[in-house]
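The values are calculated or read from the model by the stated rules, or taken from the named source; none is laboratory data. The shown structure was predicted, so the numbers you read here are calculated from the model rather than taken from an experiment. Note that each Cβ is placed from the backbone with ideal geometry, even for glycine, and that neighbours are counted across all protein chains shown. Heads up: the accessible areas ignore ligands, DNA and RNA and are worked out on the full protein's heavy atoms, side chains in. Shrake-Rupley method; radii C 1.70, N 1.55, O 1.52, S 1.80 Å.
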Amino acid sequence: MGADNQTWVREFILLGLSSDWDTQVALFVLFSVAYLLTVLGNVLIVLLIRLDRRLHTPMYFFLTNLSLVDASYATTIVPQMLVHFLAEHKGIPYVSCAAQLFFSLGLGGIEFVLLAVMAYDRYVAVCDPLRYSVIMHRGLCARLAITSWVSGSVNSLVQTTITFQLPMCMNKYVDHISCELLAVVRLACVDTSSNEVAIMVSSIVLLMTPFCLILLSYVRIISTILKIQATEGRQKAFHTCASHLTVVVLCYGMTIFTYIQPNSSPSMLQEKLLSVFYAILMPALNPMIYSLRNKEVKGAWQKLLGQLSGLTSKVAT
C-alpha cells in the first residue's frame, strides 16, 4: 500500500448514538430543542450582563466568557450531529473533522481554566472583600480571561496537529458522536502510545491543575466562612459562591464519575454520553444555574422584564 493510501482519508464516518431510524428522529427533536435553549439561554445571559450596569463586575465578566464558550462549544458539535440524525450518509470531511476537534478541544480546555479563574475571583471576594476591587481590577481580569482562551487554544492546536499527522490507513469509521480526540487517535494504524502520553499530560495540565486550584480556593473560602460569627454573614458569603460551586461539581463530577472507576475504563457508550452531557446539557444548565441561584441576575431579569413591559404598554397606548 502506498504512502498516500496509508495517510490520506478524504472523510470520516461518524457512527453516532444509534443506527435505529425512529431513535434518531426522537433524538433529533430532543437535541434540537436542547440546542435552541442552550444558545438562547447563553446569549440572553451575555446580553443581560451587557445591558445592566450593576452586573459590570469581575464575576459577571468571567460569566460572560463562560457563556460565550458554552454557546460556541455546543455549536461546534450539535448542528453537525443533528444533520447526521436525519442523513443517510453520516460523513464528515477530513478538514471539517480536524476543525471540529480543534474547536471542541480548545473550548473545553478554556472552560476548565475559566472555572479556576472564577474560583479565584470568589476566593478574593470572600477572603479579602475590602481589597476586592483593588485586586480584581480590569487589567487583571482581562489578563486572566486571555490566559484562559490562549491556554485552551494552544493545547488544542498542539493536540490536533499531532493527531492528524497520524497515518489512518483508510480507517474512517469514528465510533463517536463527533471527531473526539481519543476516537480519532484510535483510527491510527501505528503505535499511538506517545499520543496517549501527550493526551494524559494535557489532561493533567488543563483538567487537574484547574481542579486543584479550585479545590484550594474553596478550602480557603470554607475556612473563612466558618470563622464568620453571624449566621446571616455566613449565608451571604456562601451565596456568592453557590452558583459557581454548583457548576464546578457538575462539570468535574461527570468526568470523575465516568473515568475514575476501580478496575475499569469507560465504555464507548459512556464516552458518548459524557460528550452529550458536555455538548448539550452542561451549556444549557449553566444559564439556568446562574439565573435561579443568583439574586443579582434574578434582579436584573426582573428589571429588564419590567422595562420591556413598560415599553410595551406605551406602544399599546
Original post:
Of [x] 19.5, 64; [y] 71.1, 201; [z] 22.0, 78, which is the value of Rg and Dmax of the Cα atoms in Å derived from the coordinates here?
Top reply: [z]
**OP:** Counting only C-alpha contacts under 8 Å and six or more residues apart, can you give the relative contact order of the chain as a whole percent?
**Re:** 28
Subject >> Helix runs (DSSP H) in the chain reaching 20 Å along axis by Cα, Kyte-Doolittle at least 0.0 >> reply: 21-51, 58-86, 94-127, 138-163, 209-227, 231-259
Original post:
Which value, in Å², gives the accessible area per residue of the range 17-160 when a 1.4 Å probe is used on the protein heavy atoms?
Top reply: 47
**OP:** Keeping every protein chain in place, order LYS227, LYS90, LYS172 by accessible area at 1.4 Å, biggest value first, i.e. largest first.
**Re:** LYS227, LYS172, LYS90
Subject >> Size of charge dipole - the chain - debye, nearest 20, with Cβ of Lys, Arg +1 and Asp, Glu -1, no other charges >> reply: 1580
Subject >> Accessible carbon and sulfur surface of the chain relative to its total accessible area, %, 1.4 Å >> reply: 68
Subject >> Largest-first ordering by accessible area, 1.4 Å probe, given options MET81, MET268 >> reply: MET268, MET81
Original post:
How do LEU130, LEU107 rank by accessible surface area computed with a 1.4 Å probe, from largest to smallest?
Top reply: LEU130, LEU107
